[in-house]
């Protein structure tokens, strides 16, 4: 989450200085990405605490977050850029992959 917060602050600062729709879309995407990260972590923590129960991945919630972000773009296309929103939404998965890869390389050393 700290990386997403840093990226959110940087994109807000970039939007303030440039007023480009890309950075506004990136802010919306990063906020959606933060919600998805929190949802994933919450479901992962619950799966660890339960013994042999059904593991929920939060797919429906993630779909709702993406739909909400796209509806924001449809409502305000001149303010938000869809490419910025999509990049922001994909940051969660990029950070998960980066974290997994860094842990894998730590074990090999």
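Read the figures in this text as sums done on the coordinates, not as results from a lab. Since the structure is predicted, the reported quantities are computational estimates derived from the model, not experimental observations. A quick note on method: Cβ atoms are made from the backbone with ideal geometry, for glycine too, and the neighbour counts reach across all protein chains shown.
Within 10 Å of each residue's Cβ, count the other Cβ atoms and sort 62, 99 from fewest upward. Intermediate values should be presented prior to the final figure.
On the way: 62 17, 99 11.
Ascending number of Cβ neighbours within 10 Å: 99, 62.
Relative to the first principal axis of the alpha-carbon coordinates of the chain, what is the inclination of helix 82-108, with its axis defined by its Cα atoms, in degrees from 0 to 90 and to the nearest 10?
The answer is roughly 30 degrees.
Starting from the exponent 0.38 and prefactor 2.2 Å, build the expected Rg for the chain from its residue count and divide its actual Cα Rg by it. Let's see the in-between values first.
Working: Rg = 16.0 Å, N = 109, 2.2 N^0.38 = 13.1 Å.
Cα Rg divided by the expected 2.2 N^0.38 Å: 1.23.
Give the relative contact order (percent, whole number) for the chain; include only Cα pairs under 8 Å separated by 6+ residues.
Values: 116 pairs, mean separation 39.4, N = 109.
Relative contact order, the chain: 36 percent.
I want to check the label-to-label distance for residue 94 and residue 67. Put each point 7 Å from Cα in the C-beta direction and report it in nm to one decimal.
The two pseudo-label positions are separated by 2.7 nm.
Rank these for me by crowding, 20, 8, 91, going from fewest to most other beta carbons within 10 Å.
Working: 20 13, 8 19, 91 22.
With the sparsest Cβ surroundings first, the list reads 20, 8, 91.
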